[in-house]
Amino acid sequence: MPVKKVIETKKLNRIFKNGEIEVHALTDIDMIIEEGEFVAIMGASGSGKSTLLHIIGCLDRATSGEYDLDGVQVNKLGKNQLADVRNQKIGFIFQSYNLLSRTTALENVELPLIYDRTGQFPNSKELAQKALEQVGLADRIYHKSNELSGGQQQRVAIARALVNNPALILADEPTGNLDSKASIDIADLFVQLNNKGKTIVMITHEPEIAQFAKRMIYLRDGQIISDKVIEKRSTKAFALKELEKPVETP
Amino acid sequence: MKRFLKIFKVAFLSIYKNRTRSLLTMLGIIIGVGAVIMTISAGEGATLEVENQISGLGTNLLMIQTKSEHKAGINVRMGRPIDEKDFEMLKKNSVWMPQLSPLVAIGAQAIGPSGYKSTMVYGVSYDYFYITSRALQTGSFFTEDDVRTAKKYCVIGQTIREELFPGEDPIGHQIRIDKVPFTVLGLLTEEGSGGMQDMDDIILAPYTTIQNRLYGHQRGYTMILGSALSEDHIADAEMEASELLRESHKIIDGDEDDFEIMTQIELQEITGNITGILTILLGAVASISLIVGGIGIMNIMLVSVTERTREIGTRLAIGARESDILTQFLIEAIVLSLVGGILGIVFGIIGNQIIYKVTGFFIPTVGYSILIGFGFSALVGVAFGYFPARKAAKLNPIDALRYE
C-alpha cells in the first residue's frame, strides 16, 4: 500500500511584483511530503521559507505551478474554499502563539471548531479538553492565556492546531519566542505527536531544534538547495545535556 | 444557524471582555436615544397641554372678529370692527348659535385692599359663562339685567384673588380697575392647567360697563364669542354666521370677507401644526446626537479592528471566512448600539420623570418615541458598524498575522 501524500508541489513559483521590480520569492519548488513525516524547513531570512509556508498553509497562492494538499488541488480554490481547507486540513502554530487574550485555554482551543461548516464536531468542548490533555495541560484548561507561561501558551496553541484533527500541522518558528529549555520541551512534544502519526512541517532557523525532525529541507534564494533525511535525530535528553555544556567564549 | 449563534457568542464575549470600553462606546448612543425620547415626549407633552387649554376655552366655540392681516410682524385690523349691530343681528337671526357674547378685552391694573395686579379684563355678557363653561367657587355671576344697566360688578379668577385678597373672602368687596371701582360678585373655580396662559389671571365684567367706563375711545368689540348647538353643528354655525355677516356688511359675491371666524377645531389644528413642527424640530436635533453617537461607535470599532489585527489574522488562518469576520464585527457594533439604545430608553424615561418632579410639567413617554429611538440606534449600529467590519474582513491574513 503506497503511503499517502499530504503535500505535493510541482514547479511552484511565487513572484511578487512591486511596480517595475519583480521578486522571485520561490522558484520551481518540487516537493512531496508524505503522511507521518516530520519536516524541518530551514533557511536564512529572505530565503523564501515564509512564503513557502504561506502557500502550503493556503494563506497565499502560487503565481504558477501546482499544489495538492491531502488530495485537494488548492490553486483552483476560491477564497471561501481556501478558508475551509485551512479550517479542516491545517493546524497552524505561530511564533507568538496568537492566542486570544483574556480568554481561557479551553475557549482558545475551541476556536477552529467555531468556524467548522461540516458539522462533524458537535462536542467541541470535549475535543478541546482532549487536545489540551494531549499537550499536557489537563490541569490548566480554565486558565486565561495571560496567566500562562510562554511554553504553556505555545502548548495551548498546539492543542488548538490539533483539535480538528488536521492532515497537516504547520509550525512557523514555534520556538522563536521561547527560552532554550521550553524550546526543547516543545520540540519534544512535536516528536511525540509525530510518533502518534501526525504529519508536521516546521519552519525554524535554530539548527538544534531542526535536529528533532526526521527530514530537513534547506532553502536559499527561493530554491531548495538540500533535502535530506536527518540521520542523527536529537532527543530531549541529548539536547538538555548539550545545554549544560559550558559555552566557549572567544 | 448554529454557527451564527457561535459567532454571536464570540462577538458578545468580545464586548464583555472589554467592558469599560464597550460602556464608553455606548455612552453616545445612550445619550442620543435618551435625548430623542425626551424631546419627542416633551413635544408631545406640549401638544397635550395646548390642546387642554384650547378645549378649556369653551365648548363648540366660535370666535368672530375683524379681519386682520399680518403686516411686518404685527396684526393690523382691516375692515370695519365687529360691533353691537353685528351682535344684535346674529343674536336675532342665528339658528345654530343659541349662545352669543361680545368680548371686549383690555389690559388694566386691578387694585384690591391688599394688593394689585396687571391683568386682562374681559367685558362679556351673561352668555359667556355658558359658552366657556366656567363655574363659580363662591358668590354669583352678574345677570342679564346687570349687563343691560352696565353695573360695576365683576367676577374674578383665582390668581387675582391671591394677589388682591390674600387669605380673604373677596365677595362683596370693591376693587379698582384703572381707577373705576367694581364690586366683586363671584370667584371662579380654578382652571387648573398652568402653562402658557394663566386662565385664572382674569377679571370678567359686563361688556357694557367696560365699554362705557374703560373702553370709550374705541368702537366695536374685540370679538364675538358664540357657542354652536353641538359639536356636529360647528361648521353649520360657521357658515351661517358668515352668510349673515356678509349680508349685513353688504359684501358683494366674489369680494372677500371683512371678518374672520375661527372655530375651536381650527384653533386646535393650527396649534397642533405648530407643536407638531416643534416636535419634529426637537427630534431632529436629538437625532443629530444619535448620529454623533454612531460615529463614536464607528471610531471605536475602527480602533478595535486595528488593535485586534492579529486576532483577526489568527481567526482567518484557522479557517474563518471573510463573512464570519464581517458578521462578528457587525454583531459587535449592533449589540453595542442596541444595548446602548435600551439603556438610552431607560435614561429617557427616568429623565422625563425627573423633569416632571422638578418642573411639574408632565411629559408622557410616548410609545413611538421609544420605537424611534430603538430603531434609530439599531440603524446606527448597522450603518456605522458595517465599514469597520468590512475593513476587518478584508484584511490580508498574512499581513494581519505579521502585524505588531
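None of the figures in this text is laboratory data; all of them are computed from the coordinates on show. For clarity, every value in this text was computed on a predicted model and none was experimentally measured. Here the Cβ is made from the backbone with ideal geometry for all residues, glycine too, and neighbour counts use every protein chain on show.
When A:K228, A:K49 are arranged by Cβ crowding within 10 Å, least crowded first, meaning fewest neighbours, the order is A:K228, A:K49.
For the peptide B:306-314, the mean number of other protein chain Cβ atoms found within 10 angstrom of a residue's Cβ is 3. In order along the stretch A:137-145, the phi-based Karplus estimate (6.51 cos²θ - 1.76 cosθ + 1.60, θ = phi - 60°) of 3J(HN,Hα) comes to 10, 4, 8, 10, 5, 9, 6, 7, 4 Hz; Gly and Pro are listed as x.
Per-residue ellipticity at 222 nm from helix content only, as computed over chain B with -39500 (n - 2.57) for each DSSP H run of at least four residues, stands at -18500 deg cm²/dmol. Counting DSSP beta bridges in the protein assembly as shown, what percent are antiparallel, to the nearest 5? In the protein assembly as shown, approximately 70 percent of DSSP beta bridges are antiparallel ones. Shielding value for A:99-107 is 3, the average number of Cβ atoms from other chains within 10 Å of each residue's Cβ. Of the residues A:I21, A:I29, A:I158, the one that moves most in a GNM of chain A with alpha-carbon contacts below 10 Å is A:I21. Distant-in-sequence amide contacts of B:L136, defined by a placed amide H-H separation under 5 Å and a gap of 5 or more residues or a different chain, comprise B:T189.
Taking the Cα centre of the stretch B:61-263 as origin, sum charge times position over the Cβ atoms of Lys and Arg (+1) and Asp and Glu (-1), and report the length of that vector in debye to the nearest 20.
1000
Take the Kirkwood radius over Cα pairs of the stretch A:146-190, plug it into Stokes-Einstein at 20 °C and 1.002 mPa s, and you get 195 µm²/s for translational diffusion. Springs join every pair of Cα atoms under 10 Å in this Gaussian network model of chain B, and among B:D198, B:D324, B:D255 the largest mean-square fluctuation is at B:D255. Toward the positive end of the charge dipole of chain B, with +1 on the Cβ of Lys and Arg and -1 on the Cβ of Asp and Glu, the farthest Cα among B:L204, B:Y116, B:N18 is that of B:N18.
As a proxy for reagent exposure, ranking A:I184, B:I15, A:I93 by other Cβ atoms within 10 Å from fewest up yields B:I15, A:I93, A:I184.
Once the Cβ-Cβ distance of B:T149 and B:I265 is raised to the sixth power relative to R0 = 30 Å, the FRET efficiency obtained is 0.25. Put in line by how crowded their Cβ is, counting other Cβ atoms within 10 Å and starting with the fewest, B:V147, A:V85 read A:V85, B:V147. Normalising the Debye intensity of the stretch A:82-126 to I(0), with uniform scatterers on Cα atoms only, and taking log10 at q = 0.15, 0.16 Å⁻¹ returns -0.42, -0.48. The string of couplings for the stretch A:6-22 from the Karplus curve (6.51, -1.76, 1.60, θ = phi - 60°) is 8, 10, 9, 10, 10, 6, 6, 10, 9, 10, 9, 9, 10, x, 7, 8, 10 Hz, one whole number per residue in order, with x for Gly and Pro. Neighbouring Cβ atoms from other chains, within 10 Å of the Cβ of residues in A:166-172, number 1 on average.
Annotation: the antiparallel percentage among DSSP beta bridges lying fully within the stretch B:61-263 is about 80. Counting only DSSP beta bridges with both residues in chain A, the antiparallel share comes to about 60 percent.
The distance separating the Cα centre of the stretch B:225-239 from that of the stretch B:1-64 comes to 41 Å. Where a ≥ b ≥ c are the square roots of the eigenvalues of the C-alpha gyration tensor, would you call chain A rounded, which needs a/c under 1.5, or, failing that, prolate if a/b is larger than b/c, or oblate? Note, shape of chain A comes out oblate. What do you get for the angle between helix B:2-17 and the principal long axis of chain B? Use alpha-carbon atoms, 0 to 90 degrees, nearest ten. Rounded to the nearest ten degrees, it is 80.
Between the stretch A:1-29 and the stretch B:103-131, the alpha-carbon centres lie 101 Å apart.
The count of lysine pairs in the stretch B:61-263 that are at least 8 places apart or cross chains, and whose C-alpha atoms lie under 17 Å apart, stands at 6. For the options B:G381, B:G172, B:G254, a Gaussian network treatment of chain B with springs between C-alpha atoms closer than 10 Å singles out B:G254 as fluctuating the most. Could you tell me how far the Cα centroid of the stretch B:251-275 sits from the Cα centroid of the stretch A:118-154, in Å? First find each Cα centre; the distance between them is then 80 Å.
Treating only the Cβ atoms of Lys and Arg (+1) and Asp and Glu (-1) as charged, compute the dipole magnitude of the protein assembly as shown about its Cα centre; round to the nearest 20 debye. Dipole magnitude for the protein assembly as shown comes out near 3680 debye. Our helix-only sum for chain A, with -39,500 (n - 2.57) per DSSP H run of n ≥ 4 divided by its residues, gives a mean residue ellipticity at 222 nm of -9500 deg cm²/dmol. Take each peptide in B:93-105, B:280-292, count the other Cβ atoms within 10 Å of every residue, and average; sorted highest first, the result is B:93-105, B:280-292.
Here's the picture: charge each Lys and Arg Cβ at +1 and each Asp and Glu Cβ at -1 in chain B, and of B:P102, B:G172, B:G367 the one pushed furthest to the positive end of that dipole is B:G367. Rounded to two decimals, the Cα-based Rg/Rh of the stretch B:61-263, with Kirkwood Rh, is 0.99. Our coupling estimate for the stretch B:30-40, obtained by passing each phi through the Karplus curve with A = 6.51, B = -1.76, C = 1.60 and θ = phi - 60°, is 4, 5, x, 5, x, 5, 4, 5, 5, 6, 4 Hz, Gly and Pro reported as x. Each Lys and Arg Cβ is given +1 and each Asp and Glu Cβ -1; about its Cα centre, chain B then shows a dipole of about 2920 debye.
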